[in-house]
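Notes follow once the structure below has been shown.
The values are calculated or read from the model by the stated rules, or taken from the named source; none is laboratory data. Only a predicted model underlies this, so the values are computations on that prediction, with no experimental measurement involved. Glycine also receives a Cβ, built like all others from the backbone with ideal geometry; neighbour counts cover every protein chain displayed. For accessibility, only protein heavy atoms count, side chains too; no ligands or nucleic acids. Shrake-Rupley method; radii C 1.70, N 1.55, O 1.52, S 1.80 Å.
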Amino acid sequence: MSSTSNAGGAMILVVEDEEALAGVVRSYLHRAGHRTAEARTGPAAVLAARDLGPDVIVLDLGLPGLDGLEVIRRIRAFSDCYVLITTARAQEPDRLAGLAEGADDYLVKPFSVRELVARVDAVLRRPRAIDGTAPPVAPTFAVGGLEIDEAAQQVRLEGRELALTPTERGLLLTLARRPAQVFTRRQLLESVWGDTWLGDDHLVDVHIANLRRKLDESAAAPRFVTTVRGVGYRMGKG
């Protein structure tokens, strides 16, 4: 594992076994003001994520030692950092598998490194848990047995804290802030991913499905997130 630093920048862990590509990605990220570190194998990626506590991990799915999906599973056991996967696997099921394991976004190789940096910057603009230096000012939402503490970025179901990814929390918070509103997929993309994000609306459906699984509900029997056919999603039954 090697690293470079920019004082005050976010820490980005680049996990890529192609040395030349990793070098280009790190160079662009460094020029954008970020600190970077690099890992070449799956086991090294898990260790680096634990040791460094990165803000974002740029993770190739095709890795020696452990594949990228297993790396995500292990990292999600101790970290909720943003994970942006890169993959040469062009088939949709491969990309969706990464999102289902807890990745927040994806790029298919070959990709524009400038677009990758833009995606990293976009996720870093999303709200994270408070650091304890400022008093909490955001409200707490309660829907049935679901409690959403926006200030602490915590979600509890029947008193049990849920291990949600930042993207899942972002979707839930967006819906909870306006429980009477039906959000289109594009509105949810703009709220959570940012209005400059380029991609298909299907990404929202994948993360909503993951969120529902953790909320112990299904699309057919929703308790908290309701599908409005032909439009999008809303909180509760309206």
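On the accessible surface of segment 61-114, probed at 1.4 Å, how many percent belong to carbon and sulfur atoms?
Working: 1140 of 2270 Å².
Carbon and sulfur atoms account for 50 percent of the accessible area of segment 61-114.
Using only helices, what value at 222 nm comes out for the chain when you add -39,500 (n - 2.57) per DSSP H run of length 4 or more and divide by the total residues, to the nearest 500 deg cm²/dmol?
Details: 8 runs with 83 residues, N = 238.
After summing the helix terms and dividing by residue count, I get -10500 deg cm²/dmol.
How much solvent-accessible surface does ASP216 expose, in Å² to the nearest 10, with a 1.4 Å probe and all protein chains in place?
Surface accessible to solvent at ASP216 totals approximately 100 Å².
Take the chain, connect every pair of alpha-carbon atoms lying under 10 Å apart with a spring to form a Gaussian network, then pick out the residue of PRO222, PRO166, PRO139 with the largest mean-square fluctuation.
PRO139
Sort ARG234, ARG50, ARG31 by accessible area with a 1.4 Å probe, largest first.
Details: ARG234 60, ARG50 145, ARG31 170 Å².
The residues order as ARG31, ARG50, ARG234, largest area first.
Contact order normalised by length for the chain, with contacts defined as Cα pairs under 8 Å and 6 or more residues apart; what percent is it?
Values: 398 pairs, mean separation 30.3, N = 238.
Relative contact order of the chain: 13 percent.
If you place +1 on the Cβ of every Lys and Arg and -1 on the Cβ of every Asp and Glu, how big does the dipole about the Cα centre of the chain come out, in debye to the nearest 20? Please report the intermediate quantities before stating the final value.
Details: 30 positive and 32 negative charges, 126 e Å.
Result for the chain is approximately 600 debye, rounded to the nearest 20.
In the full protein assembly as shown, how much of GLU70 is accessible to a 1.4 Å probe, in Å² to the nearest 10?
Here the accessible area works out near 50 Å².
Rounded to the nearest whole Å², what accessible area per residue is found for the chain with the 1.4 Å probe?
Working: 11000 Å² over 238 residues.
Ligands and nucleic acids excluded, the result is 46 Å² per residue.
Just to confirm my numbers, what's the Cα centroid distance between segment 202-228 and segment 63-81 in Å?
24
Which percent, nearest 5, of DSSP beta bridges in the chain are antiparallel?
Working: 19 of 37 bridges.
The antiparallel proportion sits near 50 percent.
With every protein chain present, what accessible area does ILE72 have (1.4 Å probe, heavy atoms only), rounded to the nearest 10 Å²?
ILE72 has an accessible surface of roughly 0 Å² with all protein chains in place.
In what order, largest first, do VAL182, VAL120, VAL231 sit by accessible area if the probe radius is 1.4 Å? Can you show the working numbers first?
Numbers: VAL182 45, VAL120 0, VAL231 65 Å².
Result of the area sort, largest leading: VAL231, VAL182, VAL120.
Which residue, VAL46, ALA180, ALA100, has the largest displacement toward the positive end of the dipole of the chain when charges sit on each Cβ (Lys, Arg +1; Asp, Glu -1)?
Value computed over the given set: ALA180.
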